[in-house]
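Reviewing the structure listed below.
The values are calculated or read from the model by the stated rules, or taken from the named source; none is laboratory data. These figures come from a predicted structure and were not determined experimentally. Cβ: placed from backbone, ideal geometry, glycine included. Neighbour counts: every protein chain shown. Just so you know, the surface numbers come from the protein's heavy atoms only, side chains and all, with ligands and any DNA or RNA stripped out. Shrake-Rupley method; radii C 1.70, N 1.55, O 1.52, S 1.80 Å.
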Amino acid sequence: MNRINTYKIKLLSSFIICSIMSVILFSSCDNFENNQQTPAYIKVSGFKVVMNPNISYQQDDGFLTNNITDVWLYVDNEFLGVYSLPTDTNKPLVIPILKEGKHVIQLRPGVKWNGMAATREYYRFYTYENDTVDLVSGQTITIPTQNITYNNYATFAMVDLFEDTYNHFQDDTTSKKRRKITSNNLHIISNDSVKYGHSCGAMYMNSESSSFKILSKDSISCSNQNAMILELDYHCNIPFEVGVYGRTSSSSSQRSFISSVRLKSNVN
C-alpha cells in the first residue's frame, strides 16, 4: 500500500509580489571596495522561527517548521552575497567581509522555491534583524542564532495542522477515476506517522488505483496583486502533485487545474 503523509499545511498570501530569481550572485572579492587585504569575519549561527503574537493561529512545532537553507548578507543595505548554511549545526558559517569599523549587518533567511537551487530567494514572509557590529581586520565576530517570525503583513489563507477532527479536504467529484476519500483516510493519529504535534493527514492508494485527486473545501480568492505561497511538511513513498484548481472569475463555469509542483518520494 502506497502512502502520503502530510504533516502540516500552510497557505500564505501577501500583497507583496515575491520575485523568483533564476540567477544568484554569490559574493566575491569584486563586491568590496578599497584596498583592504585582510578581511574581518562574522560567524553566523543561523535562524530560529519563533511565535509571532500578532498571528492568531496556534503556533506549535508543526506551524513553526521551516526549510531555511541560505543566508542573504547585506552590509549597510548593500547586498554582498548568498551563503549556504551548513547542514551540520555544529559547524557555523564564517563569512569574510572586506570592511572595517561599525557597520549595520542584515542576515536575511533564504529558501529554495520548490526545493530548486536555481530559484533561491530570501523569504519575504519572515522578519530579519539589523545588527550593528564593529568589524576589525583579521578578527571574527559571532552573531548568535537569530529569532525570526512571520511578518505581520503575511496572512494565512488556509492552515491545516491536522490537530482536530475537521477534514478540510474532499474527493474531487469531477475526476473520472475518483476514489471515495473519508476523514479516516486523511486524519489519523499514529505515533509512527506523526512528525509534529499529535496528528497528521494521510492519503492511501492500493495497487489497483492509478491516481486520485482531492480538493480543499475552502476556496481562496486571489488576483494579480497576490503572492500565494504553500508551505507543506510531507512524507511520501510515491510521487504526488500539488496545484491550483479553480475558475478564472466568479462568473465562470469552467474550472481548470494548474500544476504548481510535482513532489518525488522522500521515503528515505
### Task
Would you please give the residues with an amide H less than 5 Å from that of Tyr126, counting only those at least 5 places away or on a separate chain, with H modeled from the backbone geometry?
Asn151
### Query
Hey, what did the stretch 55-137 get for relative contact order, percent, Cα under 8 Å, at least 6 apart?
30
### Message
For Val159, what accessible surface area do you get with a 1.4 Å probe? Give it in Å², rounded to 10.
### Response
20
### Query
Protein chains only, probe 1.4 Å: how do Leu85, Leu80 rank by accessible area, largest first?
Leu85, Leu80
#### Entry: Accessible-area value, Lys99, 1.4 Å probe, nucleic acids and ligands omitted, Å²
30
### Loop-located chymotrypsin sites (Phe, Trp or Tyr not before Pro) in the stretch 36-70, at most 13 other Cβ atoms within 10 Å (DSSP)
Tyr57
### Query
Taking a ≥ b ≥ c as the square roots of the eigenvalues of the Cα gyration tensor of the stretch 43-139, is the shape rounded (a/c under 1.5), prolate (a/b larger than b/c) or oblate?
prolate
### Task
Read phi for every residue in the stretch 110-117 and hand back ³J(HN,Hα) as whole Hz from Karplus 6.51 cos²θ - 1.76 cosθ + 1.60, θ = phi - 60°, with x for Gly and Pro.
x, 10, 10, 4, 6, x, 9, 5
### Summary
Expected sort for 115-127, 238-250 on mean C-beta neighbours within 10 Å, highest first, is 115-127, 238-250
### Query
Here are some pairs, Lys48/Lys264; Lys43/Lys99; Lys8/Lys112; which of them have Cα atoms lying more than 23 Å apart in this structure?
Lys48/Lys264
## Note on the structure
Under 5 Å from the placed amide H of Ile141, counting only residues 5+ away or on other chains, we find Tyr41, Ile42, Lys43
